[in-house]
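Below is one structure; the comments refer to it alone.
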Amino acid sequence: MKNLLIINGNPDKESYSSALTDAYLQGASRNDGLKVDVLNVIDLNFDPVLKFGYKKRTVLEPDLERALELIKKAHHTVWIFPTWWGGVPAILKGFIDRLFLPGHLFKYHKKGPFWDKLMKGKTARIITTMDAPVWYYYLVYGSPGHKSMKGLTLDFVGFKTKITSIGNMKHSKEKYKVKWIEKIKKLGFKENRS
């Protein structure tokens, strides 16, 4: 049986991110032989601040221990969040800061600057919304959130990551949002076929 983990990083429980999470779940659930877990980061009980940086390890709260195990077990992890100020919401950044530590999802070599990517062989999908047009975010700003989340976080620990960006949210009509919900349902089904 394959394991899928969907992580909703939007702190607003009634957000479009929640609708996208439900859509992906609906699509994926049409596949047999798939165990699906959903984490709404805002519902987890943890301190998002890495208080001691990397000098001293803070013990993981039970919700973070469970999240770490789900990430490790999942063959595919989907990260859904809005792009705010070019990057991820603060609660999702805190979740990542607390979990993506040496020894958890990657391991530094004792000598030299290199590391082992412990999530190698696994895949990830980022689904992010933004008010700006996607082309503007890419051409004018250089996609800082995409580079950070994909290249410097998920790819860093070994995930093979793809991105789905949904732009123009600020001025979008209901028809546009519904169209994307249907696309995300299809994506959930397609990415999780046996």
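Every read-out reported here was derived from the displayed coordinates using simple, explicitly stated rules and does not represent laboratory data. The shown structure was predicted, so the numbers you read here are calculated from the model rather than taken from an experiment. All Cβ positions, even for glycine, are placed from backbone atoms using ideal geometry, and neighbour counts span all protein chains on display.
Per residue of the chain, the DSSP helices (runs of n ≥ 4 H) give a summed -39500 (n - 2.57) that works out to -9500 deg cm²/dmol at 222 nm. Annotation for segment 107-174 versus segment 8-72: alpha-carbon center distance of 16 Å. The chymotrypsin sites (Phe, Trp or Tyr not before Pro) of segment 32-130 that DSSP puts in a loop, and whose beta carbon has at most 15 other beta carbons within 10 Å, are PHE52, TYR54, TRP85, PHE114. Charge dipole (Cα centre; +1 on Lys/Arg Cβ, -1 on Asp/Glu Cβ; no other charges) of segment 124-194 amounts to roughly 340 debye. The DSSP beta bridges internal to the chain are antiparallel in roughly 15% of cases. Springs between Cα atoms under 10 Å define the GNM used for the chain, and in it the highest mean-square fluctuation of LYS35, LYS13, LYS179 occurs at LYS179.
Would you please report the Å³ per residue occupied by the convex hull of the alpha carbon atoms in the chain?
Values: hull volume 24.0 nm³, N = 194.
Per residue, the Cα convex hull of the chain comes to 124 Å³.
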